[in-house]
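Notes follow once the structure below has been shown.
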Amino acid sequence: MSGNHLFDLIRARMPAEPDKAMFCELTDGRTYRYQDVLDVSGRFANALVSLGVKPGDRVAVQVPKSIEAVMLYLGAVRAGAVFLPLNTAYTEHEVSYFLGDAEPALFVADPARGDAMGKVAADCNVPAFETMGVWRKPQGGESDADTGGTLAAKGLAASPDFSDVARAKDDLAAILYTSGTTGRSKGAMLTHECLASNAEVLVDFWRFTADDVLIHALPIFHTHGLFVATNTILLAGGSMIFLPGLDVDKIIEVMPRATSMMGVPTFYTRLLQRRELNRELARNMRLFISGSAPLSAETHKEWSERTGHAILERYGMTETNMNTSNPYDGERRAGTVGMALPGVKLRIVDPETGDYLADGEVGVIEVKGPNVFKGYWRNPEKTAEEFRADGFFITGDLAFIDADGYVHIVGRAKDLVISGGFNVYPAEVEAEIDALPGVAESAVIGLPHADFGEGVTAVVAPRAGAELSEAGIRDALEKALAKYKVPKRVFIVEQLPRNAMGKIQKNALRETYKDTYSGSAA
Ligand code: AMP
């Protein structure tokens, strides 16, 4: 009999002691053991089947972060369904696009938006609609549905015994929609093998064991918090301190009892602003990992000075899971994303011709391996455009490989600025700006310019209390960079716009400043 590829692996790696905590330090009075993971995911699998979810059906989920939401993910995998998490910030209009595109058998929404989302589900002809919130103990007269939503109530009432639906490695386990900064979001189809193989590699590469206690403060609608963090801890048999979101006070409070943290760069820059962050606070920690957006070399350096730990930066995407990582034992080189992970093939090519480039030359990263997705949901044209004939996926990230084999990402291909015919890589200019005194962070973008095609433009946020000026920054950059790379304008702002994963929203900046050079002479 064939098994369930991903969940069989999770079962096989379960700690021998069923009482081992998977989630620890819960403030709601519960303990959440590995045995509970099996039971509650089994209950959710039964609840899904009773709601009419069949193998291969999509289960769309837009719910607040909770342990039950993780159990729903596992329940969906066990039921042979395709888990489809949605960003909690999406509006009704956006959700209706995803429901129309994915045609799920079930949509699970936040009870706080139950009425509005129920209507969206009905308008999109989704056969079943449920709600799920953050579970808390019911009080006098309340039911589970009052606290945790209708699906939590059904899940808790269902049997924990479930016979996992057979799924082969090529079957879909999840669809994650890309953040859609260029055009409409596309659904990346992730197979059981994509998720299982990447998690196995990460456990080994980052040395996760049953002794690990991971600080989990990421959202769980994105690959980072859902798959990288959760699947890795599950396969290691470790524990998580599961926080509702980025709460710096709370991270500081729990750090002495944790061993590891996965975060986006914002976690690190925010923590660095706190006096409590020092070697003593991080004494029990063995590993800090960063990804999803570039970590500046300054942040890397400051973190090492303050805590004695070199942050391990890695690089991945919704479509590919994790592709590269800095080494665990060797040098973790600031400003780089390390080397290809075991089993991942990575090459740098000329975006126009597809020719391989020599080390040191900037081109597009292409990757191939069991971690790479199967294609975009119901979008064979887009899938064909983004894969080479030999199976490599064109990531759209520009990078070069240095003499020691470390990959340096210099920006997204679409963010490349071409000014007066010269290529300007935003990351290079941003690194120079970030190194200036008083700078917290920066973003370099290209804006329409009649003379140059695009004008290099910087948007810079100062550190608290620092005074920055456009002239001061431009003067400093003129000493460090070729003239064509020096921003023609520098805007000083309090904060850069970021999305939930800490990525700077360059699209929003391009829109805000689009008329900057509209008066320039042709
Ligand atoms: P997402 O699909 O939302 O996870 O976004 C993936 C994109 O985030 C990649 O294609 C990169 O552009 C960017 N990214 C992820 N990790 C890093 C990193 N460590 N450094 C620079 N960019 C990164």
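Numbers for the structure displayed
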| read-out | value |
| --- | --- |
| Neighbour-limited loop hits for GluC sites (Glu not before Pro), segment 267-372 (at most 14 other Cβ within 10 Å; DSSP other than H, G, I, E, B) | GLU276, GLU280, GLU331, GLU352, GLU361 |
| Sorted by Cβ density within 10 Å, fewest first, the residues HIS93, HIS222, HIS216 | HIS93, HIS222, HIS216 |
| Footprinting exposure proxy for LEU6, LEU357, LEU86 (fewest neighbouring C-beta atoms within 10 Å first) | LEU357, LEU86, LEU6 |
| Point-to-point label distance, LYS514-ALA112, nm (Cα→Cβ direction, 7 Å offset) | 3.2 |
| Extension gain (nm, one decimal) between ALA464 and GLU103, 0.36 nm per residue minus Cα-Cα | 125.2 nm |
| Leading residue at positive end of dipole, segment 52-162 (Cβ point charges), from ILE67, PHE83, VAL53 | ILE67 |
| Proxy reagent accessibility, fewest Cβ within 10 Å first, across THR88, THR150, THR31 | THR31, THR88, THR150 |
| Placed amide H near LEU312: partners under 5 Å, 5+ positions off or other chain | PHE288, ILE289, SER290 |
| Backbone HN-Hα couplings from phi across segment 274-287 [Karplus 6.51/-1.76/1.60, Hz, Gly and Pro as x] | 9, 5, 5, 6, 7, 4, 5, 4, 8, 4, 8, 7, 10, 8 |
| Rounded FRET efficiency, nearest 0.05, which uses the C-beta distance separating GLU276 from SER179 and R0 of 41 Å | 0.80 |
| Sum of -39500 (n - 2.57) over DSSP H runs of 4+, divided by residues of the chain (222 nm, nearest 500) | -8000 deg cm²/dmol |
| Residue among ILE433, SER518, LEU151 farthest towards the positive dipole end of the chain, charges placed on Cβ | LEU151 |
| Projected label distance in nm at ARG13 and ILE418, using a 7 Å step from Cα toward the beta-carbon | 4.4 |
| Derived scalar couplings ³J(HN,Hα) [segment 511-518; Karplus, 6.51 cos²θ - 1.76 cosθ + 1.60; whole Hz; x for Gly, Pro] | 5, 4, 9, 4, 9, 3, 10, 5 |
| Under 5 Å, built H, 5+ apart or other chain: amide partners of ARG136 | GLY148 |
| Given charges at beta-carbon only (K, R positive; D, E negative), |dipole| of the chain in Debye | 420 |
| Nonlocal amide H pairs with ALA174, under 5 Å, H built at 1.01 Å | PHE83, LEU190 |
| Antiparallel bridges, percent of DSSP beta bridges restricted to segment 399-522 (to nearest 5) | 80 |
| Length added when fully stretched, ARG283-LYS169, from 0.36 nm per residue minus Cα-Cα | 37.0 nm |
| Calculated FRET value between ASP404 and ASN507, using beta carbons and R₀ = 30 Å, to 0.05 | 0.30 |
| HN-Hα J in Hz across segment 224-234 - Karplus 6.51, -1.76, 1.60, θ = phi - 60°, x for Gly and Pro | 4, x, 7, 8, 4, 6, 5, 5, 5, 5, 4 |
| Selected from GLN505, ILE241, VAL126, residue furthest toward positive end of dipole (the chain; charges at beta carbon) | ILE241 |
| Percentage, to the nearest whole number, of Cα pairs in the chain over 37 Å apart | 31 |
| Sites LYS301 and LEU26, calculated FRET efficiency, Cβ-Cβ separation with R0 35 Å, nearest 0.05 | 0.45 |
| Stretchable slack from LYS483 to ALA471, in nm (0.36 nm times residue separation minus alpha-carbon distance) | 2.9 nm |
| For a label point 7 Å along the Cα-to-beta-carbon line of ASP329, residues of segment 189-220 with backbone N under 13 Å | 205-207 |
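We did not get these values from a lab; they are worked out from the coordinates using the rules stated. Since this is a predicted model, take the numbers as computed values, not measurements. Neighbour counts are summed over all protein chains in view; Cβ atoms, including those assigned to glycine, are modelled from backbone coordinates with ideal geometry.
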